[in-house]
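Inspection log for the structure reproduced underneath, given as structure tokens.
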Amino acid sequence: MSRRPDPEATAAARRHRARQPAAAPQAAGMAVAAGLGGSAPGDDLVWQPIGGAGPAETAGAAAAPGWEAAGPGSRTAGRRDAAPRRGPLPPPVLALLVGALDLALLSVAGLLAALVLADPLAGPMPVPFPAGEEIGGSHAPAGIGGALAAASSLVLVLAAARGAYRPAALFSLRRQMRALLPALLGAAGFTAFAAAALGAAEGIDLRWGGMALTLAALALVLGRGALTALMRSSPRARAAAAPRAVILAAGGDGRQAERLVALLTGPAGRAVRLLGIVDGGLTPRASAALRIAARAPLLGPMDTLLAMLREGEVDQVILAMPWVAEARGLALLRRLGDYAVDIRLAPDLLAWHGRGEVELTPLADRPIAGWAALFKAAEDYLLALAALALTAVPMALIALAIRLDSPGPVLFRQRRIGLNGRPFDVLKFRTMYHDAADPTVRCQVREGDPRITPVGALLRRTSLDELPQIFNVLRGEMSVVGPRPHAPGTRAGEKPFEEVTPLYAARHRVKPGLTGLAQVRGWRGPTETEEKLIRRVESDLEYIENWSPWLDVAIILRTLVAVARMRNAC
């Protein structure tokens, strides 16, 4: 018996069908030229299958189940859905929460074992506290508290190594027990061996150890069983752990995508929230067959998927395609590689596993993910708050100087490209005369530029005009360290940045930063030549691929030195 599609999946389909008319006709034309689906410029339909379908065929496709016209007069045009778009909890946060549950279960088991073995006629209950601590006028048994703490900690470490805290494992009790029970036995054995080696075994009641081990195993089974039931039955709990996935049907007759949908909407696909299917290059006949047979929302062409990625609404893209379509797969991988998303391959032979679980082949993972992402987020907020505390008074004085220097606002807002190519407004202190402001960067600032105010020249030389971007960091739009954000349409020489190198968009896989590896290497300031931009992009991609906390620290320290020297600033 298969599950009904996730309500959020249906909401996503309606939302993106409603959003399509607002997309630029140029983007749709580029999609057709690239062979990735999408309607031609001027069409009023959401999408048009690849293969040169005529008007009658296109109209029929739009009228088929799962597809709607979304022209200016359509009922779906401009519709906003109230369904939540929030993704799952970061895996480290989820692991910490589940680990806290396990620690509580193990502690309760140890205390309950002491309660069961207590002799009510012998005085106070021998609770497992540190040796020699007085409890109600008598002494607690020696060593039990230390043994419980050591064994519980070791259980968590061993269970984590065996994958007990991975999000996908939380939907299968069998998978969790295969990790937890061996970890429990291993921790108990190691604790007993360590106690004997250190001469502390005499202070531990063996009856308590055996009882605690039995109750701990029972507590883990019951506790994790309840958690698994909650994950399977509660949409909110499932949304906290299951990544949002989209199937990209690329090549073939569409049956692979159909079979994969059947699997992911059944019991084996509980660990994934399937939002729908995107046409990544099916034939018109395959598209028509998939529209009729699929049991998941049909979201549209490749442009729809890219829009969802820019909005951060997809965590995982699953390619459903035959092995022989290698060229097509590489083309899709290159295009999707510009976004922070996990890419998986699910051909027919890997769609099913002998135990009924989904087995997907990893093709690409988002950079700085997992514990690294949690550490970097904490680093950003802590450093931004510290910087704000240190610079609050200087920023107030700078704002006063700007107001006294020339008329106009203190802050300058400029559109920049951020994570996944999504635009945002970057904040800077105004350094130009208000009537000469250039928010679209038609002309990059040069040394001695007459548009710069006297105060603005000093701010630019010292990079103090960038201080308001601390608020961009606190709003989650930027990081302290990362590739510097660029304005749309900025040019290197005579070419837009994205035309200079095909790798340019890949720098948008992480949040932009206040400073970056390119800047400390001297590649800052105006880009008069293509060579300067290429060197910047190379440094940005090197940072993304080799990120570490120590690299961030080194870049911050080198940034302070570069600012003091005022190199390449104008």
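The values are calculated or read from the model by the stated rules, or taken from the named source; none is laboratory data. Source: prediction; values computed, not measured. So basically every Cβ, Gly included, is an ideal-geometry build from the backbone, and we count neighbours across all protein chains shown. For the accessible areas, the whole protein counts, side chains as well, though only heavy atoms, and no ligand, DNA or RNA atoms are used. Shrake-Rupley method; radii C 1.70, N 1.55, O 1.52, S 1.80 Å.
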statement: Counting only protein heavy atoms and leaving out ligands, DNA and RNA, the solvent-accessible surface of Met302 at a 1.4 Å probe, in Å² to the nearest 10, equals 0 Å²
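Kindly identify region 225-305 as rounded, prolate or oblate by the Cα gyration tensor criterion: order the square roots of the eigenvalues as a ≥ b ≥ c, call it rounded if a/c is under 1.5, otherwise compare a/b with b/c, prolate if a/b is larger, else oblate. Kindly include the intermediate steps, with their values, before the conclusion.
Working: a/c = 3.32, a/b = 2.25, b/c = 1.48.
Prolate, because a/c is 1.5 or more and a/b exceeds b/c.
Given R₀ = 25 Å, FRET efficiency for Ser406-Phe471 by Cβ-Cβ distance, to 0.05?
The computed FRET efficiency comes out at 0.65.
Work out how much length Tyr381 to Ala237 would gain on full extension: take 0.36 nm times their residue separation and subtract the Cα-Cα distance, in nm to one decimal. Don't skip to the end; give the middle numbers.
Working: separation 144, 0.36 × 144 = 51.84 nm, distance 2.71 nm.
Contour length minus the Cα-Cα distance gives 49.1 nm.
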- line: By the Cα gyration tensor axes a ≥ b ≥ c (a/c under 1.5 gives rounded; else a/b larger than b/c gives prolate, otherwise oblate), the shape of region 183-284 is prolate
task: Kindly state, to the nearest 0.05, the FRET efficiency for Glu542 paired with His434, given R0 = 41 Å and r defined as their beta-carbon distance.
output: 0.60
query: Accessible area of Arg310, 1.4 Å probe, to the nearest 10 Å²?
result: 90 Å²
message: Assuming 0.36 nm per residue, please report the length gained on full extension of the stretch Ala293 to Arg451 beyond their Cα-Cα distance.
response: 50.7 nm
- prompt: So which lysines can Lys532 reach, going by Cα to Cα under 18 Å and dropping same-chain residues fewer than 8 places off?
  reply: Lys495
task: With all protein chains present, calculate the accessible area of Val108 using a 1.4 Å probe and round the result to the nearest 10 Å².
output: 90 Å²
